[in-house]
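Have a look at the structure below before the remarks.
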Ligand code: TZP
Ligand code: MG
């Protein structure tokens with residue numbers, strides 16, 4: 001995928017797994033979110049009650065198929081083996097995961113996304129071959145208990161001011177009320193978990209986000 005295409009795909013990036021769907025079927029949530037206008041998806045099966053082994057693989061395969069049917073790029077959080085098995089379009093790795101350079105080396109044709117919290121981490125991710133950055137947490141989040149301190153959209157402004165032009169999304173506590181601030185700070189898009197996955201109507205929640213980041 002070309003860089004400008006990736007920038008567009010990152011516009012509204014849904015990140016989730018079964019623990020984020022409040023008991024609803026994750027495939028139904030994903031389908032509704034796609035109808036509402038999400039542009040990229042990350043399978044992140046993590047936290048209390050997360051599926052393991054065959055059940056995780058089976059859910060991943062269902063979500064992968066849905067994304068393929070709708071031409072939505074499908075990214076796997078963290079797990080290189082799973083990303084390969086599901087023939088994912090990419091992988092997203094955190095600062096605590098396998099170093100980006102090693103993943104880049106092994107998964108030559110995949111999109112590699114890296115979480116960065118500041119300009120120094122953004123520079124290293126770029127040097128290690130990252131294709132896009134996830135910068136956060138933008139706002140307080142209850143979805144990731146081990147999230148770092150809230151950075152605010154200013155972290156994105158500092159990364160852009162430092163000369164990093166890589167495709168970039170903000171993540172953490174983003175919803176329809178604050179998404180436009182993240183875009184204005186220099187992000188190409190927003191990544192959200194609960195604002196869509198825990199919404200009464202994931203379709204309407206996604207559509208409202210789309211309207212607010214125009
Ligand atoms: N990485 C940084 S914050 C976060 C992740 C995965 C969780 C974001 O979840 P929410 O519900 O959109 O605040
Ligand atoms: Mg991780």
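Out of all the residues in the stretch 180-199, which are assigned to a loop (DSSP other than H, G, I, E, B), within 15 Å of ligand 1 (Cβ to nearest atom) and surrounded by fewer than 22 Cβ atoms within 10 Å (Cβ to Cβ)?
Here is the first cut: in the stretch 180-199, the ones assigned to a loop (DSSP other than H, G, I, E, B) are 185-188, 193, 198-199.
Okay, now just the ones that are also within 15 Å of ligand 1 (Cβ to nearest atom), so 187, 193, 198-199.
198 - this is the single residue of the stretch 180-199 that is assigned to a loop (DSSP other than H, G, I, E, B), within 15 Å of ligand 1 (Cβ to nearest atom) and surrounded by fewer than 22 Cβ atoms within 10 Å (Cβ to Cβ).
Go through the stretch 51-89 and give me each residue that's within 16 Å of ligand 1 (Cβ to nearest atom) and touching a helix residue (DSSP H, G or I) at 6+ places or on another chain (Cβ under 6 Å). Steps first, answer last, please.
Narrowing the stretch 51-89 to residues within 16 Å of ligand 1 (Cβ to nearest atom): 75-79.
Correct list: 76 only.
For the stretch 27-49, check the following and say yes or no: at least one residue is within 14 Å of ligand 1 (Cβ to nearest atom), part of a helix (DSSP H, G or I) and closer than 23 Å to residue 188 by Cβ.
Yes.
Here are 134, 49, 94: which of them is surrounded by fewer than 16 Cβ atoms within 10 Å (Cβ to Cβ) and more than 17 Å from residue 1 (Cα to Cα)?
Numbers: 134 fails: surrounded by fewer than 16 Cβ atoms within 10 Å (Cβ to Cβ); 94 fails: surrounded by fewer than 16 Cβ atoms within 10 Å (Cβ to Cβ).
Exactly one residue qualifies, and that residue is 49.
Can you work out which of the residues in the stretch 138-156 that are within 27 Å of residue 2 (Cα to Cα) and within 13 Å of ligand 1 (Cβ to nearest atom) is surrounded by the fewest Cβ atoms within 10 Å (Cβ to Cβ)?
If we filter the stretch 138-156 for residues that are within 27 Å of residue 2 (Cα to Cα), which is where we start, we get 138, 153, 155-156.
Restricting the remaining residues to those that are within 13 Å of ligand 1 (Cβ to nearest atom) gives 138, 155.
Working: 138: 27, 155: 23.
Taking the candidates together, the pick is 155.
Could you pull out the residue among 141, 177 that is within 16 Å of ligand 2 (Cβ to nearest atom), outside any helix (DSSP H, G or I) and closer than 27 Å to residue 204 by Cβ? Walk me through it before giving the result.
On the way: 177 fails: within 16 Å of ligand 2 (Cβ to nearest atom).
Exactly one of 141, 177 is within 16 Å of ligand 2 (Cβ to nearest atom), outside any helix (DSSP H, G or I) and closer than 27 Å to residue 204 by Cβ, namely 141.
Please verify whether the stretch 155-163 includes one or more residues that are under 23 Å from residue 185 (Cα atoms), more than 16 Å from ligand 2 (Cβ to nearest atom) and not in a helix (DSSP H, G or I). If you could, list the steps in order and put the result at the bottom.
As a first pass, look at the stretch 155-163 and keep what is under 23 Å from residue 185 (Cα atoms): 155-163.
Adding the requirement that they be more than 16 Å from ligand 2 (Cβ to nearest atom) leaves 155-163.
Okay, now just the ones that are also not in a helix (DSSP H, G or I), so 162-163.
Yes: the stretch 155-163 contains one or more residues that are under 23 Å from residue 185 (Cα atoms), more than 16 Å from ligand 2 (Cβ to nearest atom) and not in a helix (DSSP H, G or I).
Check the stretch 43-50 and report whether any residue there is more than 15 Å from ligand 2 (Cβ to nearest atom), more than 14 Å from the chain's Cα centre (by Cα) and under 24 Å from residue 173 (Cα atoms). Can you show your working first?
Within the stretch 43-50, the subset more than 15 Å from ligand 2 (Cβ to nearest atom) is 48-49.
Cutting the leftovers down to more than 14 Å from the chain's Cα centre (by Cα) gives us 48-49.
Going one step further and asking which of them are under 24 Å from residue 173 (Cα atoms), we end up with 48-49.
Scanning the stretch 43-50, I find at least one residue that is more than 15 Å from ligand 2 (Cβ to nearest atom), more than 14 Å from the chain's Cα centre (by Cα) and under 24 Å from residue 173 (Cα atoms), so the answer is yes.
Residues 130, 147, 195: which one is within 16 Å of ligand 2 (Cβ to nearest atom), closer than 22 Å to residue 76 by Cβ and modelled with pLDDT of 95 or more?
Values: 147 fails: modelled with pLDDT of 95 or more; 195 fails: within 16 Å of ligand 2 (Cβ to nearest atom).
None of the other options fit; the residue is 130.
When you go through (1) buried (at least 18 other Cβ atoms within 10 Å of the Cβ); (2) closer than 23 Å to residue 26 by Cα; (3) free of Cβ contacts under 8 Å to residues at least 40 places away in the same chain one by one for residue 110, which number turns out not to apply?
(2)
Can you tell me which residue within the stretch 90-103, out of those that are under 8 Å from residue 76 (Cα atoms) and in contact with a helix residue (DSSP H, G or I) (Cβ under 8 Å, 6 or more places away or on another chain), is farthest from ligand 2 (Cβ to nearest atom)? It would help to see each step written out before you state the result.
Narrowing the stretch 90-103 to residues under 8 Å from residue 76 (Cα atoms): 90-92.
Checking the rest, the ones that are also in contact with a helix residue (DSSP H, G or I) (Cβ under 8 Å, 6 or more places away or on another chain) come to 90-91.
Details: 90: 14, 91: 10 Å.
Step by step, filter the stretch 90-103, then rank; the result is 90.
The values are calculated or read from the model by the stated rules, or taken from the named source; none is laboratory data. From a predicted model like this one, the values you see are computed outputs, not experimental measurements. Cβ: placed from backbone, ideal geometry, glycine included. Neighbour counts: every protein chain shown.
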